[in-house]
1. Got a sec? How would LEU173, LEU53 order by Cβ neighbour count within 10 Å, fewest to most?
2. Calculate how many DSSP beta bridges within the chain are antiparallel, expressed in % of all such bridges and rounded to the nearest 5.
3. Just to check, using Stokes-Einstein with a Kirkwood Rh over alpha carbon pairs, what's the diffusion coefficient of the range 1-135 at 25 °C and 0.890 mPa s in µm²/s?
4. Please compute the length gained on full extension between SER77 and GLN28, using 0.36 nm multiplied by the number of residues separating them and subtracting their Cα-Cα distance.
5. For a 26 Å ceiling on Cα separation, which of these pairs sit above it: LYS94/LYS165; LYS94/LYS214; LYS110/LYS223; LYS25/LYS131; LYS165/LYS232; LYS183/LYS214?
6. Using Cβ counts within 10 Å as a stand-in for footprinting exposure, how do THR182, THR18 rank, fewest first?
7. Using Cα-Cα distances under 8 Å and only pairs 6 or more residues apart, what relative contact order does the chain have, in percent?
8. Below 8 Å, C-alpha to C-alpha, sequence gap of six or more: please give me the relative contact order for the range 132-243 in percent.
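Values in this text are rule-based calculations from the coordinates and carry no lab data. Note that the structure is predicted; figures quoted are calculated from it, not measured. In this analysis, Cβ positions are derived from the backbone assuming ideal geometry, glycine residues included, and neighbour counts consider all displayed protein chains.
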Amino acid sequence: MHKEFLEITQRPFPVPQTPWIMTQKWHQLLFCHWIVPEGILRAEVPPQFELDLFNGQAWLGIIPFRVTGMRFRCQPSFPYIGKYLELNIRTYVKYKGTPGIYFLSMDANKWMAVLGAKIGALLPYRYAQMKIDQDGDITQFHSNRGEEEKLQIQYRPTSPLFIPKQGSLEFWLFERYCFFVTKRNRVYRGDIHHDRWRVGHAEADFIKNTMATKLLNQSYFNKPSFHLAADKQVFAWLLKELN
C-alpha cells in the first residue's frame with residue numbers, strides 16, 4: 001500500500017472504495033491564480049455547477065508542470081506516454097455541495113496522452129508544443145498551441161514549503177480531490193488522491209501569455225498569486241456518473 005493512503009488528509013469526502021486505476025507523479029508545479037469577475041467566469045462553466053467562491057471571489061488558475069511515471073494499475077510505466085508536459089487552466093466549482101475542479105482547458109505535449117484523457121476521462125485536452133528548462137532554482141516553461149494560445153513563463157521559489165492551514169486561501173485552492181466534467185448534460189466526477197499539499201510562495205515573470213485571454217484581460221489589474229508545490233504522487237479512479 002502506498003504511503004499516500006496512510007497519511008491523514010483533509011478530504012471533504014472518503015477515498016473511493018474501488019481500486020484506483022492510474023497513477024502518475026507531478027513535478028515542477030507552478031500555480032498562478034487570479035481573481036476573476038464572477039459573471040465572466042459563469043459563462044465559461046456549465047450551468048450544472050455552482051461557482052465555488054473564496055470570500056465572495058471567483059478564482060482562475062493556470063498550472064504548468066511535468067508528468068512522469070504515468071501507468072495503469074498493475075502495469076509498468078509506458079516508455080513514451082509515461083512522461084510528458086502539461087498545462088491546465090482551471091477554476092473551482094461545487095456540485096450538490098461537493099467541492100471540486102472544473103478544467104477550462106488542458107494541454108499536453110504527447111498526442112497519446114491527449115487522446116487517452118479525452119476518451120477515458122472526457123477531459124478537454126489538446127496538443128501543444130512544450131518544453132521545460134531548469135537552471136538552479138529557476139524554471140522556464142514554454143507552451144505553444146498556436147499564435148493565440150501561448151505561454152512563456154519563468155519562475156522560482158521565494159519561501160520554504162509549508163502545509164496550508166484549514167481556512168486559508170492556499171487550503172481552499174489546493175485541497176481538492178475531484179474534478180467534474182459533463183457530456184450530453186450528464187455530470188461525471190473523477191476522483192483523485194494524494195498526500196497533503198506542501199506549497200511555497202514563488203515569483204514569476206510572464207514573457208508571453210495569451211492563455212484564457214477572454215478571462216484574464218479583465219483580471220490583469222489583480223496581482224496574481226504564485227505558488228510552487230512539492231513533487232506529488234497522484235492516484236486516479238474511473239469516472240463516476242452522478243445523479
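1. LEU53, LEU173
2. Here the antiparallel bridges make up roughly 95 percent for the chain.
3. It diffuses with D of about 146 µm²/s by this estimate.
4. Roughly 15.7 nm would be gained on extension.
5. LYS110/LYS223
6. Fewest to most other Cβ atoms nearby, the residues stand as THR18, THR182.
7. After rounding, I find 25 percent.
8. Averaging sequence separation for qualifying contacts and normalising by length gives 31 percent for the range 132-243.
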